[in-house]
Structure formats: structure tokens, C-alpha cells
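Novice: I'd like to ask some things about the structure below.
Please treat every number below as a calculation from the coordinates, not as lab data. As the structure is a prediction and not an experimental result, all values here were calculated from the model. As a convention, Cβ positions derive from the backbone with ideal geometry for all residues, glycine included, and neighbour counts pool all protein chains shown.
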Amino acid sequence: MSQEKEYWTQRYFDESTGWDIGYPSTPIKEYIDQLEDKSITILIPGAGNAYEAEYLIQQGFSNVFVLDISEVPLEQLHQRNPTIPKNQLICEDFFAHKGKYDLIIEQTFFCSMLPTEENRREYAKHMYHLLGINGKLVGLWFDIPLKGDLEKRPFGGDKELYLSYLNSHFKMKSFEASYNSIPQRLGNELFGIFIKKEWIAI
């Protein structure tokens, strides 16, 4: 078992999941409510208990894929929603995952990984490769200081830092302070919509 898989699995076993609010985050839920084409393929990486995936399925989206490095939250999601096809619940390292999606939903996944230069550059590059033509990366990034203690997650960042990685791969449609975050996170989240660039040299 990789260190990352072991780390996250242990946190789920210990119920050390302070980020888990128990329902879809409001900014993402309200974005989903605006989507009209329910046939699009959607990926939620580092999804945890994936309440956003659950909401998507309830709204009639059938091509929803949930990716996490630990089996624990995927099993919990399937227990809550036994009709979800098992092949849409993927236990895998994000960086090893292959596929093509119309939409990737970012639920502070960027802030969950070790904040190395390599990880953050590979995040942007791999998101680009996983999206099809005109694909979108949409969701939430924490707007909090980057902690010095690498054992305490989630890690932070700010708009300028995130754009330094994303701008080379995506066109920014919007990226601002989230006005409709849940009360305990208001002022600490950025909501962004990024569109895959047509072609870049990688």
C-alpha cells in the first residue's frame, strides 16, 4: 500500500474527516443545478464520501465517475447508493488514472495532496489530459495560508498560486471568492471555472 493510500485510509478508519460536511457543498450544488446535458461524462477525483456525486445521480446524471485512493469512502458511497455501477467507483491514484471527461469537479482535491512543485504541476497537466475538447475543470479551492506542517491537511493556497499552475493549461472563465460557501467556510474558498485550452505543447 502506498503511503498516500495508507494515510487516507487510516483517516477514514479513524473518522478524522473534519472536511466532510455530510452533504453537497452549496457552490458545487448550485453549479450542477445549471447543467442541462445530463449525458456528459463527469469525474470527481479525490472524492471522499462524494456527496456531490450522489447529488448528480439523484438529478439524473448517469455518467458520473468517482475516484479515490482509498476503498473506504467508495464502499460507503456504494452502500448509500447501491444502484451506482461498480465500474464508476474507481480506487486508484489520480496521477495513474486514464480516461476522457467533459467535466471534472474539483472539491478542494488540489489542497489534499502534498504541496510539492512536482505534484502541483502534474495536477494541472493531468487534469488537462483527462479532459476532452472544451472540457471544464470546475469547483472549489481553499483560499487559506499554506501551512508549514506537512502532516496537517488540507493544505492552502491563494488565487495567484493556483493560477500559476492552471494558466498554462486552461482558459479561466471565472475564479473568485465563493459567495455561497457554507457559513463555516465563507471567505476561505475560491470557486473557479476553467476551460481546457485547445492545444498546448507539453
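Novice: Would you grab the residues whose amide H sits under 5 Å from the one on TYR101? Only those 5+ places off in sequence or on another chain, please, with H modelled 1.01 Å from N.
Specialist: LEU131, GLY132
Novice: Right, another one. Show that you can apply the helix-only estimate: for the chain, add -39,500 (n - 2.57) for every DSSP H stretch of four or more residues, divide by all residues, and state [θ] at 222 nm to the nearest 500.
Specialist: The helix-only estimate for the chain comes to -8500 deg cm²/dmol at 222 nm.
Novice: Taking amide H positions as placed in the peptide plane 1.01 Å from N, state which residues far from GLU189 in sequence (5 or more) or on other chains have amide H under 5 Å from it.
Specialist: Answer set, sorted by chain and number: ASP143, SER178.
Novice: Between LYS173 and GLN79, what's the calculated FRET efficiency when r is the beta-carbon distance and R0 is 35 Å? Round to 0.05.
Specialist: 0.45
Novice: Still on this structure, I have one more. Could you give the length gained on full extension between HIS129 and LEU161, defined as 0.36 nm per residue of separation minus the Cα-Cα distance, in nm?
Specialist: Full-extension gain reported as 9.4 nm.
Novice: At a 10 angstrom cut-off on C-beta neighbours, averaged per residue, how do the peptides 93-100, 137-144, 54-61 rank from highest to lowest?
Specialist: On the way: 93-100: 13.1, 137-144: 22.5, 54-61: 16.4.
In decreasing order of mean packing, 93-100, 137-144, 54-61 become 137-144, 54-61, 93-100.
Novice: How big is the dipole moment of the chain about its Cα centre under a simple scheme where the beta carbon of each Lys and Arg is +1, that of each Asp and Glu is -1, and everything else is neutral? Debye, nearest 20, please.
Specialist: It works out to roughly 500 debye.
Novice: Here are some pairs, LYS100/LYS197; LYS38/LYS173; LYS86/LYS173; LYS86/LYS171; which of them have Cα atoms lying more than 26 Å apart in this structure?
Specialist: Where the Cα-Cα span goes over 26 Å, the pairs concerned are LYS86/LYS173; LYS86/LYS171.
Novice: Using the 10 angstrom Cβ neighbour count as an exposure proxy, how do ASP102, ASP37 rank, fewest first?
Specialist: In order of increasing Cβ crowding within 10 Å: ASP37, ASP102.
Novice: Read through the labelled values [x] 8, 31, 35, 21, 5, 0; [y] 8, 37, 41, 13, 0; [z] 10, 42, 38, 10, 0 and report the label of the one computed as P(r) over Cα pairs in 10 Å bins from 0, in percent from the structure.
Specialist: Calculated P(r) over Cα pairs in 10 Å bins from 0, in percent: the matching label is [y].
Novice: Moving to a separate point now. Quick one: which residues, 5 or more positions from PHE65 or on another chain, have an amide H under 5 Å from its amide H? H modelled 1.01 Å from N in the peptide plane, none for Pro or chain starts.
Specialist: Counting only residues 5 or more places away or on other chains, the set is ILE42, LEU43, ILE44.
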